[in-house]
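Data first, discussion second: the structure below is written as structure tokens.
The values are calculated or read from the model by the stated rules, or taken from the named source; none is laboratory data. This structure is a prediction, so every number in the text was calculated from the model and none was measured. Counting neighbours? That spans all protein chains shown, and the Cβs are built from the backbone with ideal geometry, glycine included. All accessible areas refer to the heavy atoms of the entire protein, side chains included, with ligands and DNA or RNA removed. Shrake-Rupley method; radii C 1.70, N 1.55, O 1.52, S 1.80 Å.
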Amino acid sequence: MLDRYNHLYEAWPDTAAPGGYKLNTQPLAKLGAGRPLGYHFDHEGNLIVCDSLKGLIKYGYTSGAITLVATHVSDTSPLDPGSEITYANDLAIASDGTIYFTSCTDIVPPLNQLGFYDTYRAWFLGLVQGLPKGLLLKFDPKTHETHVIAKGFYYANGVALSPDEEYIVMAETDRLRAHKIWVKGPQAGKVELLIDHLPGVPDGVDAAVDGKFWISLVAPAPPFKSAVLTRFIHNPAVRAVYAWLPPKSRPGLRAWGAVVKVNGDGYITDFLVDVAGRAVSTISAVSEEPAGPGRGTRLFLGNLVGAYVSYVDLP
């Protein structure tokens, strides 16, 4: 696990510990200045991390070495050559080692008074800016080149590979939707709308055990018929003023938590929700793992504002 100060922690199953897992309270490592978001192990056991300040980084789990993998788009990229990766968010690693990852916006998360890089602030400034600056990128481990493969998204967020690795499912947070982006085969480069009008604000995406996709919903969908929201969306001057209001003057996130499972055709097959947010809320990440023979699966849930990880067992 990684915290907002870029500390890496380990936890392991322990039936005697509260929650069934024991956390080593001493960080295994600090990955330098930055703010970690999505991460996965590659096929060599290295931890690949989307750092919203530095780009794509690698932590050698055995050696302890920290390596910058990608900070800029390569000059050979057909889209945005030579541009800086300003807000790396989430990633998926293919069987050949190719890393697909998102960059949310062109606004770099600022360092706040609490000493961490404020990705929420950067998201909010991107929202009031109102421009589609999100990217889907690909890092090739053979050539060490990084290319933009799709662009023009309103906050590109979570990503997951299909079972056959033919396409990526990617959340577009500010439009409450997810896309299917083809990365292999005759349709490579094609962007299709997978699901629109999600019941909440999408954040993380993960491949489900059964070949479908889990999408975490960090907050309920806003009331689009609200006069206040309509004025906010359509009036740049109102958005500009709102951007500089003190954080305490802005509405906070409602206590609410949900995840939705969709298939490759965009149909919802499962919807889990805590409407009052009593057990879990502001779910920003989801990961499903087999719980053991005859025991179903375990769904791990990360959250945006809490200092904990939750899980729920599924049949």
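A few comments on the model shown:
- For region 89-197, the Cα-based Rg and Dmax, in that order, read 14.6, 49 Å.
- Once the 1.4 Å probe is applied to the protein heavy atoms, region 80-133 comes out at 39 Å² accessible per residue.
- A simple rule links phi to the HN-Hα coupling: the Karplus curve 6.51 cos²θ - 1.76 cosθ + 1.60 with θ = phi - 60°, which for region 63-74 gives 7, x, 6, 10, 10, 7, 8, 8, 10, 9, 6, 5 Hz, with x for Gly and Pro.
- Gap separating the Cα centres of region 57-102 and region 285-315, nearest whole Å: 27
- In this structure, the pairs whose alpha-carbon distance is over 25 Å, taken from Lys22/Lys138; Lys133/Lys180; Lys180/Lys261; Lys142/Lys261; Lys54/Lys248, are Lys22/Lys138; Lys142/Lys261; Lys54/Lys248.
- Gyration tensor verdict on region 3-81 (Cα atoms; rounded if a/c is under 1.5, prolate if a/b is larger than b/c, oblate otherwise): prolate
- For a modelled paramagnetic label at Leu28, 7 Å from Cα along Cα-to-Cβ, the residues of region 37-78 in reach, with backbone nitrogen under 16 Å, are 37-50, 57-67.
- Put simply, the amide H of Leu79, placed in the peptide plane, has neighbours under 5 Å in Val148, leaving out anything fewer than 5 places away on its chain.
- Per-residue HN-Hα couplings for region 213-219 [Karplus 6.51, -1.76, 1.60; θ = phi - 60°; Hz; x = Gly/Pro]: 9, 8, 10, 7, 10, 7, 7
- Packing rank of 27-37, 271-281, where each peptide gets the mean count of other beta carbons within 10 Å, highest leading: 27-37, 271-281
- Between Ser77, Phe300, Gly200, the Cα set farthest toward the positive side of the dipole of the chain (charges on each charged residue's Cβ, about the Cα centre) is that of Gly200.
- 5 angstrom amide H check on Gly152, placed H, neighbours 5+ away: Gly134
- Per DSSP, loop chymotrypsin sites (Phe, Trp or Tyr not before Pro) in region 136-240 with at most 13 further Cβ within 10 Å: Phe224
- Accessible area per residue for region 160-224, computed on protein heavy atoms with a 1.4 Å probe, is 38 Å².
- Given +1 at the Cβ of Lys and Arg, -1 at the Cβ of Asp and Glu and no other charges, the dipole of region 24-80 around its Cα centre is 280 debye to the nearest 20.
- Loop-located trypsin sites (Lys or Arg not before Pro) in region 169-203 (DSSP state not H, G, I, E or B) with no more than 10 neighbouring Cβ atoms inside 10 Å do not occur.
- Percent accessible area from carbon and sulfur atoms, the chain, protein chains only, probe 1.4 Å: 57
- Around the amide H of Tyr87, modelled in the peptide plane, lie the amide H atoms of Cys104, Thr105, all under 5 Å away and 5 or more residues distant in sequence or on another chain.
- Kirkwood Rh, angstrom, the chain [1 / mean 1/r, Cα pairs]: 20.1
- Remark: the chain carries a charge dipole of roughly 1180 debye about the Cα centre, counting +1 on each Lys and Arg Cβ and -1 on each Asp and Glu Cβ.
- Calculated mean residue ellipticity, 222 nm, the chain: -2500 deg cm²/dmol, from DSSP H runs (n ≥ 4) at -39500 (n - 2.57) each, averaged per residue and rounded to 500.
- Per-residue Karplus couplings for region 259-269, computed as 6.51 cos²θ - 1.76 cosθ + 1.60 with θ equal to phi - 60°, are listed in order as 9, 10, 10, 10, 8, x, 9, x, 8, 6, 10 Hz, Gly and Pro entered as x.
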